[in-house]
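Trainee: Pasting a structure below so you can have a look.
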Amino acid sequence: MRKILAVDDHPINLDLLEQIIKIFYPGFKFLGAKSGEEGITRAIEFQPDLILLDIMMPGLNGYDTCKELKKDPKTKHIPIIMVSALGHDSNERIKGLDAGADSFLSKPFDKVELRAQINVALRIKDYQERLKSLNSELLLAEERERRRIAENLHDSLGQTLSLAYMNLTSVDIDGCAPKVKKTFDFTTELINKAVKESRSLTYDLSPPILYELGLIPAVKWKLEEFESKHKIQTQLYFDDKNPEIKKEFTIFLFRIVVELLNNIVKHAKASNVEVRIESENNLFKMTVTDNGCGIDTNKIKDTRIKNGGFGLFSISERMENINGSFHIQPGDKGTVAEIVLPLYNRITT
């Protein structure tokens, strides 16, 4: 059932809004909150489709409530309409929109105008949800293609190279001329190298461990490979909880770790990398920390996709699409990248 939350410290206003919602949106559930603090709590708990928010309230006012809602990964995707007597003042309307509100309605309001604004907000939210769903489908399609290519590499090219290597190494070359033997050994070594590179490429394209065992074993495997290849020490910390996250989100989280590790190799000059995975307060959190030269925060927003990689900008955009967040900033030493995803995105079937 779709839900609309109204936050207003006057019970009469809440009763009026409830009656209007019942008339125009009979299939919706109405939720009321009498303070900004209660509104935030109910928004997190019930995940409404829309929030109607008053401004002048004791304690946390509407502006601060809106900022808190838009800052929290669990609620920032919910559209907010500010409904206030201050709406006649353009400065107050600007202040509300700057706080994160999607629109502003002045009191006393016309119920038909309120209905029109609610319709617009819900329509935009529906479009956003469709785009997010499309993004997930595109991500899954990309992963399916990666997996298909990986399987072809393994089943066709990889096995052909392995068979060629086995056949060559079974040939008796003791009686051959030194020049022939040298060429034979060199060719054998090239094929052996191609077998290893084919296997490595197969795992990079679509690591079976990610699909068979899940995110944490896949990250552990990737860190071990990263440490062996680049001689950079790694540590992985995770709690005992094992939240079930949608498959496409798990795949994307793994790709983020890979992209961040690639950035560390290219830019950080680090000697140590720490990955921490934890879940608490209905949030999945993954932090990647290095002890390198740090990052210029002024350049983060200008980062774009390069050389086929996600790029930091793309990571941030994709996290937005799944109602998560991505932050990267200088740490005490090096750089700290944090990925946060609400756990209401977990599998519920």
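One line per residue, one yes/no per condition, for (1) in contact (Cβ under 8 Å) with a residue 60 or more places away in the chain; (2) open to solvent by less than 70 Å² (accessible area, probe 1.4 Å); (3) under 30 Å from the mean Cα position of the chain (by Cα):
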site: Ala99; (1), (2), (3): no, yes, yes
site: Ile118; (1), (2), (3): yes, yes, yes
site: Ala121; (1), (2), (3): yes, yes, yes
site: Lys132; (1), (2), (3): yes, yes, yes
site: Ala150; (1), (2), (3): no, yes, yes
site: Leu157; (1), (2), (3): no, no, no
site: Met166; (1), (2), (3): no, no, no
site: Lys193; (1), (2), (3): no, no, no
site: Ser200; (1), (2), (3): no, yes, yes
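Trainee: Moving on to the next point. In segment 147-188, which residues are aliphatic (A, V, I, L, M) and in a helix (DSSP H, G or I)? Step through it out loud before you land on a result.
Mentor: Step one: filter segment 147-188 for residues aliphatic (A, V, I, L, M), giving 149-150, 153, 157, 161, 163-164, 166, 168, 171, 173, 177, 180.
If the condition is that a residue be aliphatic (A, V, I, L, M) and in a helix (DSSP H, G or I), then Ile149, Ala150, Leu153, Leu157, Leu161, Leu163, Ala164, Met166, Leu168, Val180 are the ones that fit.
Trainee: May I ask you to list the residues in segment 34-49 that are aliphatic (A, V, I, L, M) and surrounded by fewer than 24 Cβ atoms within 10 Å (Cβ to Cβ)?
Mentor: Going residue by residue through segment 34-49, those that are aliphatic (A, V, I, L, M) are 40, 43-44.
Within segment 34-49, Ile40, Ile44 qualify.
Trainee: Any residue in segment 54-73 that is closer than 24 Å to Val340 by Cα and of a type in the set (Val, Ile, Thr) sitting within a Cβ distance under 9 Å of a residue that is open to solvent by 60 Å² or more (accessible area, probe 1.4 Å) and in a helix (DSSP H, G or I)? List the pairs, counting only those 6 or more apart or interchain.
Mentor: Listed pairs, sorted by first residue: Thr65/Glu37.
Yes/no matrix, rows are residues, columns are (1) open to solvent by less than 40 Å² (accessible area, probe 1.4 Å); (2) free of Cβ contacts under 8 Å to residues at least 60 places away in the same chain; (3) over 21 Å from Ile315 (Cβ atoms):
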{"site": "Glu212", "(1), (2), (3)": "no, yes, yes"}
{"site": "Thr250", "(1), (2), (3)": "yes, yes, no"}
{"site": "Glu274", "(1), (2), (3)": "no, yes, no"}
{"site": "Lys285", "(1), (2), (3)": "no, yes, no"}
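Trainee: Do you know which residues across segment 263-283 are under 25 Å from Asn323 (Cα atoms), at pLDDT 90 or above and not charged (D, E, K, R)?
Mentor: Within segment 263-283, Val275, Ile277 qualify.
Trainee: Run Lys74 past the list (1) buried (at least 18 other Cβ atoms within 10 Å of the Cβ); (2) under 27 Å from Arg318 (Cα atoms); (3) over 21 Å from the mean Cα position of the chain (by Cα) and report the number of the one that doesn't hold.
Mentor: Going through the list (1) buried (at least 18 other Cβ atoms within 10 Å of the Cβ); (2) under 27 Å from Arg318 (Cα atoms); (3) over 21 Å from the mean Cα position of the chain (by Cα), Lys74 breaks only (3).
Trainee: Quick one: would you say Lys125 is modelled with pLDDT under 80, open to solvent by less than 60 Å² (accessible area, probe 1.4 Å) and closer than 30 Å to Phe104 by Cβ?
Mentor: Details: modelled with pLDDT under 80: no; open to solvent by less than 60 Å² (accessible area, probe 1.4 Å): yes; closer than 30 Å to Phe104 by Cβ: yes.
Criteria not met by Lys125.
Trainee: State whether one or more residues within segment 149-170 are modelled with pLDDT of 80 or more, in contact with an Asp or Glu (Cβ under 7 Å, 6 or more places away or on another chain) and not hydrophobic (A, V, I, L, M, F, W, C).
Mentor: No, the conditions are met nowhere in segment 149-170.
Trainee: Filter segment 153-171 down to the residues that are more than 13 Å from Glu197 (Cβ to Cβ), touching a helix residue (DSSP H, G or I) at 6+ places or on another chain (Cβ under 8 Å) and of a type in the set (A, V, I, L, M) and list them by number.
Mentor: Taking segment 153-171 first, the residues more than 13 Å from Glu197 (Cβ to Cβ) are 155-156, 159-160, 163-164, 166-171.
Subsequent filtering for residues that are touching a helix residue (DSSP H, G or I) at 6+ places or on another chain (Cβ under 8 Å) retains 164, 168-169, 171.
Once the filter is applied, which keeps residues that are more than 13 Å from Glu197 (Cβ to Cβ), touching a helix residue (DSSP H, G or I) at 6+ places or on another chain (Cβ under 8 Å) and of a type in the set (A, V, I, L, M), segment 153-171 yields Ala164, Leu168, Val171.
Trainee: Follow-up question, since we're still on this one. Give me the residue from segment 169-191 that is more than 29 Å from Arg148 (Cα to Cα) and aliphatic (A, V, I, L, M) and, out of that set, nearest to the chain's Cα centre (by Cα).
Mentor: The selected residue is Val171.
The values are calculated or read from the model by the stated rules, or taken from the named source; none is laboratory data. Keep in mind the model is a prediction, meaning the values are calculated, not measured. All Cβ positions, glycine included, derive from the backbone under ideal geometry; neighbour counts span all protein chains shown. Ligands, DNA and RNA are stripped out before the accessible areas are found, and what is left, the full protein with its side chains, is counted by its heavy atoms. Shrake-Rupley method; radii C 1.70, N 1.55, O 1.52, S 1.80 Å.
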